[in-house]
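None of the figures in this text is laboratory data; all of them are computed from the coordinates on show. Everything numeric here is computed off the predicted structure, so don't read it as measured data. We place every Cβ from the backbone using ideal geometry, glycine too, and count neighbours over all the protein chains shown.
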Amino acid sequence: MVIAPHTVYIDHRSRSASITLYNPGATSVEVAISSIFAYPITDSAGQFALFTPDSLDPSMPSAADWIEAFPKRVLIAPLQRQTVRLLARPPQGLVDGEYWARLVISAKGGAAPATEADTTGISIGLTIEIRSIIPLTYRKGALKTGLSVSELRSTPAGDSLVVSARLVRQGTAAYIGTVKGTLLNPAGKAVAKFEEPIAVYYEVAPTFALGTAGLPPGSYRLQLDFLSERPDIAPELLLRAPPVRDSLEVRLP
């Protein structure tokens, strides 16, 4: 199942959006759309994961209960598209802010054989269901975002540097952007780089890998730049924030 766009934004004035589902397969697919409240966090290893609270309290900026999909269930024939309209029904008196949900798109196709037929003519099949989860953001009022960066560290690991930092969102909306890492030699020349998308809803402590294979031992400067831009999201949908840079001296063994 191909889904577009992969990130949904809804403004309080329009209160609606849409996604397009495409079935590239050779069999019909049954699709169901639902919503949950969840947001990205990092685990103890610095890897991003999706956190879904066991229960919600009024302080959580959840839009999951008031986002409706039309249709909620649909059968999509091979090589066909289906537009799904998303309608927001926020509660009266909703205060200005940013509210989050995740759209869960479950696609159930035909049965795939799990075992060969036995001598009795009985065969066993396995119904395949694929779940895609995409973010949905609802915005009301004037919002701003920003990022605080601290505790920048690096650790050599084989032919890489493992880079970590503590990132805390500032302002009234999630920080969606890109982190660019650069390793500079003593002459100031960039000798290694990485670039990763970043999403900070509250606070995260991600890790990144910067390849150092073939670099001579010695001192270098590691530089991280955080920019509120993403090539996969339309510029008019992003909240802009001042660039943030942090750096430290590192030594390759």
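Things worth noting here:
- Under the simplified labelling scheme, the Leu215-Ser28 pair shows an inter-label distance of 5.6 nm, with each label point 7 Å from Cα along Cα→Cβ.
- Using the average count of surrounding beta-carbon atoms within 10 Å as a protection proxy, the listed peptides 14-20, 50-56, 72-78, 223-229 rank, highest first, as 223-229, 14-20, 72-78, 50-56.
- Each of Ser34, Pro58, Gln47 was scored by the projection of its Cα onto the charge dipole of the range 1-117, and the greatest displacement toward the positive side belongs to Ser34; charges sit on the C-beta of Lys, Arg, Asp and Glu.
- With both labels modelled 7 Å from their Cα along Cα-to-Cβ, the Thr178 to Ile133 distance reads 2.6 nm.
- Neighbour-count ranking [beta-carbon atoms within 10 angstrom, fewest first] of Ile133, Ile3, Ile33: Ile133, Ile3, Ile33
- Rg/Rg_ref, the range 145-252, where Rg_ref = 2.2 N^0.38 Å and atoms are Cα: 1.11
- At q = 0.19, 0.21 Å⁻¹, base-10 log of I(q)/I(0) for the range 2-140 (Debye sum, equal scatterers on each alpha carbon): -1.10, -1.23
- Answer label, with Cα Rg over 2.2 N^0.38 Å calculated from the coordinates and candidates (1) 1.25; (2) 1.08; (3) 0.95: (1)
- Relative contact order (%) - the chain, alpha-carbon pairs under 8 angstrom, separation at least six: 18 percent
- Centre separation in Å (Cα based) which lies between the range 212-253 and the range 89-103: 33 Å
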